[in-house]
Structure formats: structure tokens, C-alpha cells
Amino acid sequence: MTQISTLIVDDHQLFLDGLNTVFSQQDDISVLHSTTSAKEALNFVQHTPPDLIITDIAMPEMNGIEFIKAVKEIHPSIKILVVSMFQNMHSYQNIDGYLLKESSMDRVLQVVRGIVLRNETHYDFEESSIEIYDFKEHILSPREKEIIQLISEELTSDQIAKRLFVSRHTVETHRKNIFLKLNVKNIAGMIKKAMHLGVIN
């Protein structure tokens, strides 16, 4: 029997515990490591790559998109299954499956085995809700994340410029770039998508 090795990354401890319990009852699935920290998981992957990583998208410290990008740069062959509470996914590039957290454990087990053993892909959302999103080009810079946070705190461009010791023009340029990267048209859309990605809480 082929053994499937997994790494689970999620900032919700109850979800981690639930998957650990279910996987421990399976003869063909093992959990090499589980953690609430994407950075800790990335360090683990460097010396012990699993067959499959199960991760969320919206996480503090390092969001799922950044984590997946970093994993693929280290070990491109690792399979990725995203399990999230959000209905929409920003990309199906670099991932092999996407499930909602409301999915049954039987469904999770089915998808895990399908991805690893049969090289299948499983996306539990409508194709029309997918936005093509380039992981390498569209990752926000630290400065852009900082500006998003300040905008979410209702600071004006002038106030942000003073806070960061830059010109108003620089702030406006960053904001335009953020809109392009996140494919949004206004501040409300930017904040909503930034929350989705775990950039802000």
C-alpha cells in the first residue's frame, strides 16, 4: 500500500486537530508535521518534503499564496491542496485542489488520495469564480502591504506619505500598482481582497 505523506498548515488549531485525528485513522495517510505557522512549515519542507501540503489562504505572518509560491520554488513536485472558508480562489495555478472548509472529511480523504495517487485535480468552486493570478508577478511587496494596512485604517494619501516619509505621488503610485495586482477598482475592493489573502485582518 502506497503511503501518502502530508504537511498541514492552518492558523485554526481546531481544524489542524481534526485533520490530524482523521488522518491518523487511515492506513495509507501519515502526517509528517502540522503547524499554525506558514514560516515554520516552509522551514520543515526544506529538509522533509511531503507528498502533499494542505494549507489555507488567509493566514497571518505569511499568507497562503506567498507560502505556496515559496514551496514551489523549493520543491516544484509537491502537491498542494488548499482548504479555505472562502468561496472564491484567486488562482488554480500551482495548486492541485481547492476545497471549502465545510467539506466532509470523506470528501477531503477522497481528494487527498485522488491528487497524490492518481494525479487528479479537484476544485470545488465554479470555474467562473476563478481569477487568473500570477503568483510570481502579483505578490505584494512589504511596502504595498504597509500601505494597504494604512488605507484600511482610513489614512489619506497625504497622511500615509507623512507616516512613511515619502511623497504623495509615491503613495498614489503604490496604490495604482496594488489595484492592478489585486485586480480591483476601488479601495473597498482592495480591502476585501487583502483580507481574503490574509494581508490584513
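The values are calculated or read from the model by the stated rules, or taken from the named source; none is laboratory data. This is a predicted model, so every value here is computed, not measured. Note that we place each Cβ from the backbone using ideal geometry, even for glycine, and neighbour counts take in every protein chain shown.
Scanning region 111-144 for residues that are out of contact with any strand residue (DSSP E or B) (no Cβ under 9 Å at 6 or more places or on another chain) and in a helix (DSSP H, G or I), we see that the one that is modelled with the lowest pLDDT is S128. Entry remark, region 1-25: residues being part of a loop (DSSP other than H, G, I, E, B) and more than 27 Å from E73 (Cα to Cα) number 2 in total. For region 63-85, indicate whether the set of residues that are closer than 27 Å to M195 by Cβ, modelled with pLDDT of 90 or more and surrounded by fewer than 16 Cβ atoms within 10 Å (Cβ to Cβ) is non-empty. Yes: one or more hits.
Hey, does region 26-41 have a residue that's under 29 Å from E146 (Cβ atoms) and either assigned by TED's automatic domain parsing to the domain that holds E146 or in a loop (DSSP other than H, G, I, E, B) (or both)? Give the derivation first.
Looking only at region 26-41, we keep the residues that are under 29 Å from E146 (Cβ atoms), and these are 35-41.
Checking which are either assigned by TED's automatic domain parsing to the domain that holds E146 or in a loop (DSSP other than H, G, I, E, B) (or both) leaves us with 36-37.
Yes, some residue in region 26-41 is under 29 Å from E146 (Cβ atoms) and either assigned by TED's automatic domain parsing to the domain that holds E146 or in a loop (DSSP other than H, G, I, E, B) (or both).
Is there a residue being on the phi > 0 side of the Ramachandran plot, surrounded by 16 or more Cβ atoms within 10 Å (Cβ to Cβ) and either at pLDDT 90 or above or under 20 Å from the mean Cα position of the chain (by Cα) (or both) anywhere in region 187-200? The answer is yes; a qualifying residue exists.
Considering only residues in region 145-186 that are polar (S, T, N, Q) and either closer than 19 Å to E66 by Cβ or assigned to a helix (DSSP H, G or I) (or both), the one that is farthest from the chain's Cα centre (by Cα) turns out to be Q159. Of everything in region 43-62, what is out of contact with any His (no Cβ under 9 Å at 6 or more places or on another chain), crowded, with 19+ Cβ neighbours inside 10 Å and more than 21 Å from H122 (Cα to Cα)? Give them in sequence order. Once the filter is applied, which keeps residues that are out of contact with any His (no Cβ under 9 Å at 6 or more places or on another chain), crowded, with 19+ Cβ neighbours inside 10 Å and more than 21 Å from H122 (Cα to Cα), region 43-62 yields only M59.
Only one of the numbered conditions (1) more than 22 Å from K145 (Cβ to Cβ); (2) in contact (Cβ under 8 Å) with a residue 24 or more places away in the chain; (3) acidic (D, E) is not met by E102, and that is (2).
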